[in-house]
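Quick notes on the structure that follows.
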Ligand code: G
Ligand code: MN
């Protein structure tokens, strides 16, 4: 029932300097009142042993309305179990067909240790044209293990590093050095959860290429426009 109530909200990721939309992150939403946030849907699927079909449904829903006329990137969140699902690397899936435009986000919050052959699987996804992002970098107790294993094209800094960064010199130092390190390795940096102009200006000064957050747009059904 939960799977039938799912829909996808799209949240813009913006290039502030160029004032261009770089891409949209597909975010899981449910209209089922007992499952108020995406974590509840994922927990329910995990309890029922239905994570794989859930992941497939999310990826299909996310790819469905992508306009061919536009070239923006589509960011899709993966659960670690999705990495072992053969459907993910099926060249005929709707997402694979637009792989060149797709960034697969893998959260730093969960360990890749249990994923058999994680490195090889990720390499195969790259062969298909997908790019890889490490999500939630710097969140909670997360470390840098996915970052070093995946060598991602894109790094997403967690919003806990972003919040009030303009008045928090330690966060400024962390973001400045993570951004410099990532750029040095040829990676693109996205800062998530930007809510104020002060945070935006500080992040741009620190060298973040791309920003995402409620300051620019709320996630929405169509592809929301951006308030610069
Ligand atoms: O784990 P991940 O980074 O994929 O989570 C994205 C979540 O963060 C989404 O549920 C989205 O609604 C939320 N989000 C995106 N931008 C902001 C923001 O500016 N502020 C807050 N509080 N949440 C945000
Ligand atoms: Mn994400």
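Looking at segment 1-127, send over the antiparallel percent of its DSSP beta bridges, to the nearest 5.
Working: 10 of 19 bridges.
Percent antiparallel among DSSP bridges in segment 1-127 is about 55.
Sort 170, 84 so that the residue with the fewest other Cβ atoms within 10 Å of its own Cβ comes first and the one with the most comes last.
Details: 170 9, 84 14.
Ordered by Cβ neighbours within 10 Å, fewest first: 170, 84.
What is the antiparallel percent of DSSP beta bridges lying wholly in the chain, to the nearest 5? All intermediate terms of the calculation are to be shown ahead of the outcome.
Values: 13 of 36 bridges.
For the chain, the DSSP antiparallel bridge percentage is about 35.
Using 0.36 nm per residue of separation minus the Cα-Cα distance, give me the extension gain between residue 4 and residue 37 in nm, one decimal. Walk me through the numbers on the way to the answer.
On the way: separation 33, 0.36 × 33 = 11.88 nm, distance 1.49 nm.
Fully extending the segment from residue 4 to residue 37 adds 10.4 nm.
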Original post:
Exposure proxy check: 198, 52 ranked by fewest other beta carbons within 10 Å?
Top reply: 198, 52
Subject >> Mean Cβ neighbour count within 10 Å, used as a protection proxy, ranking 28-35, 53-60 highest first >> reply: 53-60, 28-35
Original post:
In percent, what relative contact order does the chain have, based on Cα pairs under 8 Å that are 6 or more apart in sequence?
Top reply: 20 percent
Original post:
How big, on average over all directions, is the shadow cast by the Cα convex hull of segment 140-182, in nm²?
Top reply: 3.2 nm²
Original post:
How big is the equivalent ellipsoid of the chain along its three axes, where each semi-axis is √(5λ) from the Cα gyration tensor, reported in whole Å from largest to smallest?
Top reply: 27, 20, 18
Original post:
Sorting 202, 208 on the 10 Å Cβ count, fewest up front, what's the list?
Top reply: 202, 208
Original post:
How big is segment 163-205 in terms of Cα radius of gyration and Dmax, in angstroms?
Top reply: 10.4, 29
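None of the figures in this text is laboratory data; all of them are computed from the coordinates on show. Fair warning: this is a prediction, and the values are worked out from it, not measured in the lab. No Cβ is skipped: glycine too gets one built from the backbone with ideal geometry, and neighbour counts run over all protein chains shown.
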